[in-house]
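To start, the structure itself, in structure tokens.
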Amino acid sequence: MKNAMIKIVLFYIGLCLVLFIMQRKFLYFPQPPAVISGVTEIQFNTDGEQLSGWVVNEGSAKALIYYGGNAESIENNIAFFKRVLPDYSVYLIPYRGYGNSTGDPSEAHLYHDALHIFDRVKVNHQQISLMGRSLGSGVATYVAVNRLVEKLILVTPYDSILNVAKSVYWMFPVSLLIKDKFQSIKRVKNISAKTYIFIAENDRVIPRARSERLIAEFSDQLIDSTLVSGADHNDISLYPEYVAGLKRALE
């Protein structure tokens with residue numbers, strides 16, 4: 001019995017070690033590069049890495065920087081933003097390691113790159129708003145407390161990746177293992193931008209409790225929160241209620 005218990009403990013410790021070493025493989029799912037025509041390509045160089053993406057509706061006075069989801073190919077949003085937000089120049093820049101962007105993703109890298117891109121974009125526009133979807137909502141909240149932002153759009157957001165991970169890997173000491181915590185909830189009180197939040201009713205990736213916990217921390221800066229009926233995590237943008245709400249938010 002004693003030997004069996006020792007084996008079980010050692011096996012558990014081994015699983016914890018694998019989770020710790022491989023955690024970024026479980027968190028980030030970079031998508032391969034795509035060939036896109038008919039839209040302006042743009043590059044940003046930072047820390048020896050090149051971030052390559054696109055700008056939709058180039059030349060508008062107002063800009064929107066979009067931070068995508070974990071396994072999202074953000075170029076798939078090009079047609080959507082052309083149609084829905086014709087008055088905004090929309091910047092779609094894949095994270096490090098995503099698409100044609102070089103390097104490896106991490107929380108610190110995503111934050112650093114987001115501020116660098118913001119500062120480069122700012123000189124060409126009168127005002128800048130941010131939109132973060134899923135994983136990108138954590139990047140958006142970070143930029144929103146470190147730069148002057150007109151509006152903040154959060155789509156299927158979480159209070160923290162730490163808490164999302166706890167709900168998935170409940171059998172492990174996640175708080176001791178996780179490196180990239182993306183704790184948006186700790187930044188809410190310092191967000192001054194007018195904020196709009198969209199939640200998918202049937203979200204099977206970000207638990208509803210995680211989104212609602214984030215919403216509860218907001219005060220007057222939260223202008224509106226919308227629960228999109230019938231929507232799931234990955235198809236929320238297909239619902240008219242979402243499209244109409246996004247247009248209203250960015251009027």
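If a/c stays under 1.5 just call it rounded; otherwise compare a/b with b/c (prolate if a/b is bigger, oblate if not). Do that for the range 173-251, with a ≥ b ≥ c from the square roots of the Cα gyration tensor eigenvalues. Since a/c reaches 1.5 but b/c is at least a/b, the shape of the range 173-251 is classed as oblate.
The ranking of Ser237, Ser167, Ser129, Ser219 by Cβ neighbour count inside 10 Å, starting from the fewest, reads Ser219, Ser167, Ser237, Ser129. Count Lys and Arg as plus one, Asp and Glu as minus one, and take only other residues whose Cβ is under 15 Å from that of Ala165; the net charge is then +4. Counting neighbouring beta carbons within 10 Å and listing from fewest to most, the residues Arg133, Arg96, Arg120 come out as Arg120, Arg96, Arg133.
Residues Asp113, Asp220, Asp104, Asp159 in ascending order of nearby Cβ atoms (within 10 Å, fewest first): Asp220, Asp104, Asp113, Asp159.
Considering only the Cα atoms of the range 22-88, their convex hull presents on average a projected area of 5.7 nm². Using only alpha carbon pairs under 8 Å that are at least six residues apart, calculate the relative contact order of the chain and give it in whole percent. In percent, rounded to a whole number, it is 15.
Value of Rg to Rh for the range 127-182, rounded to two decimals, is 1.09; Kirkwood radius and Rg both from alpha-carbon coordinates.
Relative to the current alpha-carbon distance between Leu227 and Asn3, full extension at 0.36 nm per residue lengthens the span by 75.4 nm. Specify which labelled value, from (i) 25, 21, 18; (ii) 33, 21, 17; (iii) 41, 20, 14, agrees with semi-axes √(5λ) of the Cα gyration tensor in Å derived from the coordinates of the model shown. For semi-axes √(5λ) of the Cα gyration tensor in Å, the calculated option is (ii).
All other residues with a Cβ under 14 Å from the Cβ of Glu251 taken together, and with Lys, Arg as +1 and Asp, Glu as -1, what is their net charge?
Charge balance near Glu251 sits at +2.
All other residues whose Cβ lies under 13 angstrom from that of Lys194 are scored, Lys and Arg at +1 and Asp and Glu at -1, for a net of -2.
Any read-out appearing in this document is the output of simple, stated calculations on the displayed coordinates, not a laboratory observation. Keep in mind the model is a prediction, meaning the values are calculated, not measured. Using ideal geometry, Cβ is built from the backbone for each residue, glycine included, and neighbour counts are taken over all protein chains shown.
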